[in-house]
Amino acid sequence: MDIQVADFLTAIKDETYAAYADTATFAQLNDTPTEVMQASFDFALKQLQAGKLFQARVDVTGFHDVEINVRLESSVINLPFAYVNEIDKMLDADAVLPVNVYMIFDSPAINVSKMRIDMASSVQAFLDDNESVTEKVIDWLREQVERLTIAEADDEEQTD
């Protein structure tokens, strides 16, 4: 799936992309990440099959008072939709670029930039081998959860 950058930017700025939102607790994310993310995976697959841009978001509560959200987004660059103005400055509006699926973990507790973003796959790979991409996302998500729990343990040791 390819898109002209100008069309991508318009869809993001006008919020005409398909959006899905859900909630989960940190315990659910830690214990059953596949179940927490399944509706997001299903939504993403349906939107990509229809050739649509999408964002699937899961807001996570219960990790102290820290805000956490996990997102899947289809994009032409490894920046979240929220950075549309920066994307606009970086890319040629006339260019036609491939759309990829990105996995995003937003939380002040994850790292200094408060966000982790990595490419999950191309759209074609997501469509052709959804099971493998889903496994990759879940493995990646487990790594992010582990980072938070290790950082939490380190903080507790320092306060003891």
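Every read-out reported here was derived from the displayed coordinates using simple, explicitly stated rules and does not represent laboratory data. Everything quoted here is computed from the prediction, not taken from an experiment. When we count neighbours, we look across all protein chains shown, and the Cβ atoms used for this are built from the backbone with ideal geometry, even at glycine.
Can you tell me which of (1) under 30 Å from Thr149 (Cα atoms); (2) in a helix (DSSP H, G or I) is the one Ile87 doesn't meet?
It is condition (1) that Ile87 fails.
This table checks each residue for (1) within 20 Å of Pro108 (Cβ to Cβ); (2) in contact with a helix residue (DSSP H, G or I) (Cβ under 8 Å, 6 or more places away or on another chain); (3) among the β-branched types (Val, Ile, Thr).
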| site | (1), (2), (3) |
| --- | --- |
| Val36 | no, yes, yes |
| Leu48 | no, yes, no |
| Gln55 | no, yes, no |
| Val60 | yes, yes, yes |
| Leu72 | no, yes, no |
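Where the second residue is of a type in the set (A, V, I, L, M, F, W, C) and in a strand (DSSP E or B) and the first is under 14 Å from Arg57 (Cα atoms) and lies in segment 2-21, which pairs have Cβ atoms under 6 Å and are six or more apart or on separate chains?
So the pair list comes out as Tyr17/Phe54; Ala18/Phe54; Tyr20/Ala56.
Determine whether Val58 is within 20 Å of Asp139 (Cα to Cα), in a strand (DSSP E or B) and of a type outside the set (Lys, Arg).
Yes, satisfied.
Just wondering, is there one or more residues in segment 11-28 that are in contact with a Leu (Cβ under 7 Å, 6 or more places away or on another chain), closer than 18 Å to Ser121 by Cα and surrounded by 15 or more Cβ atoms within 10 Å (Cβ to Cβ)?
No, there is no match, as no residue in segment 11-28 is in contact with a Leu (Cβ under 7 Å, 6 or more places away or on another chain), closer than 18 Å to Ser121 by Cα and surrounded by 15 or more Cβ atoms within 10 Å (Cβ to Cβ).
Of everything in segment 4-34 that's touching a strand residue (DSSP E or B) at 6+ places or on another chain (Cβ under 7 Å) and hydrophobic (A, V, I, L, M, F, W, C), which residue is farthest from Glu146 (Cα to Cα)?
Val5
Among residues belonging to segment 35-64 that are under 18 Å from Thr149 (Cβ atoms) and of a type outside the set (A, V, I, L, M), point out the one that is surrounded by the fewest Cβ atoms within 10 Å (Cβ to Cβ).
Of everything passing the filter in segment 35-64, His64 is surrounded by the fewest Cβ atoms within 10 Å (Cβ to Cβ).
Give me the residue from segment 118-153 that is farther than 23 Å from Glu35 by Cβ and not in a helix (DSSP H, G or I) and, out of that set, farthest from the chain's Cα centre (by Cα).
Here the answer is Ser122.
For segment 84-108, which residues satisfy the criterion of being surrounded by fewer than 17 Cβ atoms within 10 Å (Cβ to Cβ) and out of contact with any Leu (no Cβ under 9 Å at 6 or more places or on another chain)?
Passing the criteria: Asn85, Lys89, Asp92, Asp94, Ala95, Val96, Pro98, Pro108.
Quick one: would you say Leu79 is touching a helix residue (DSSP H, G or I) at 6+ places or on another chain (Cβ under 9 Å) and in contact (Cβ under 8 Å) with a residue 40 or more places away in the chain?
Judged against the criteria, Leu79 is not a match.
So which of Phe43, Phe63 ends up being assigned to a helix (DSSP H, G or I) and within 20 Å of Leu29 (Cβ to Cβ)?
Every option except Phe43 fails the conditions.
Between residues in segment 113-137 that are over 17 Å from Gln55 (Cα atoms) and residues that are surrounded by 15 or more Cβ atoms within 10 Å (Cβ to Cβ) and of a type in the set (Val, Ile, Thr), which pairs lie under 9 Å by C-beta distance while being six or more apart or on different chains?
From residues that are over 17 Å from Gln55 (Cα atoms), the pairs are Ala125/Val101; Ala125/Val133.
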